[in-house]
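Beneath this line is the structure, given in structure tokens, with notes to follow.
The values are calculated or read from the model by the stated rules, or taken from the named source; none is laboratory data. Quick caveat: nothing in here was measured; it's all calculated off a predicted structure. Methodologically, a virtual Cβ is constructed for each residue, glycine included, from the backbone with ideal geometry; neighbour enumeration extends over all protein chains shown. Accessible surface is based on the protein model in full, side chains and every heavy atom, while ligands, DNA and RNA are left aside. Shrake-Rupley method; radii C 1.70, N 1.55, O 1.52, S 1.80 Å.
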Amino acid sequence: MYVLIENFSLYAEGFFGTVQLTIYASLLALVLGFIMASFRVAPVRSLRVLGTVWVTVLRNTPLTLLFFAVLLGLPRFGLVLPFQLFAVIALGCYTSAFICEALRAGINTVHKGQGEAARSLGMNFGQTLNNVVLPQAFRSVIPPIGSTLIALAKNSAIAGAFSVTELLGTYKPLSELGYNIIWTFVWIAVGYLIITLTISALFHVLEKRYGVAR
């Protein structure tokens, strides 16, 4: 317990760093995931190809490699940003591929007749997707999106290896100060548990309110 008490400010800094990273990356992942899911079901072939390439590349690229590509590659093109923002981009883009597939699976559960009825009323593709298909699809994809964002929170630990302030990175200074490594990691695990249980509780509430009855 004394490890936590004596280094509470360090743990708090890492904890809130992870929370901030998770929130920003989740928002980016949800936005990009929605856009790419729209592309995947679009009537325009070039958009479908773009969505497919995005998902295929990101889902099959190790996240650590993606971090290297973003943090080391983007500055070569003159894009110099804080390391935390680079981490948000890497995490958000990577997770967006999984969000996209979850949304696309939800869209596929909506009967084709719904879209055909919307088009018969004069709605275009965007109106049909936003007003008819997605509201129904959202109900069935709440659990998988929640699981994906929980995975994002845990994946944020990789950012510590790239000079980003986050929870796992607190073990380095504590180890150098001679603290028991086991208890150091116990309190780190508790921090991640708080974050993931909070996300799980949030999506449980959403599922009870909006989810499909089982």
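The table below gives the values:
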read-out	value
Cα long-axis angle, helix 45-59 against the chain (0 to 90 degrees, to the nearest 10)	20
Estimated FRET transfer efficiency when R0 is 22 angstrom, pair Asn124-Leu50 (beta carbons, to 0.05)	0.65
The chain, helix-only ellipticity at 222 nm - DSSP H runs n ≥ 4, -39,500 (n - 2.57), divided by all residues, nearest 500	-24000 deg cm²/dmol
Accessible area, probe 1.4 Å, largest first, for residues Ile23, Ile89, Ile5	Ile5, Ile23, Ile89
Qualifying lysines (Cα of each under 27 Å from Cα of Lys172; at least 8 residues distant if same chain)	Lys154
Rounded to the nearest 10 Å², the accessible area of Thr64 at probe 1.4 Å	60
Heavy atoms of Ser120 accessible to a 1.4 Å probe, total area in Å² rounded to 10	90
Shape call, segment 31-125: gyration tensor on alpha carbons, a/c limit 1.5	prolate
Label-point separation, Thr64 to Phe16 (7 Å along Cα→Cβ), nm	3.1
Å² per residue, accessible surface of the chain at 1.4 Å	56
By accessible area with a 1.4 Å probe, ligands and nucleic acids excluded, highest first: order of Val80, Val141, Val19, Val57	Val80, Val57, Val19, Val141
In degrees, nearest ten, helix 8-40 long axis to first principal axis of the chain (Cα)	20
Degrees between helix 83-109 axis and first principal axis of the chain (Cα, 0 to 90, nearest 10)	40
The chain, accessible surface, carbon-and-sulfur percent (1.4 angstrom probe)	66
Theoretical FRET efficiency, 1/(1+(r/R0)^6), r = Cβ-Cβ of Lys208 and Glu116, R0 41 Å, to 0.05	0.85
Most to least accessible of Ser38, Ser9 (protein chains only, probe 1.4 Å)	Ser9, Ser38
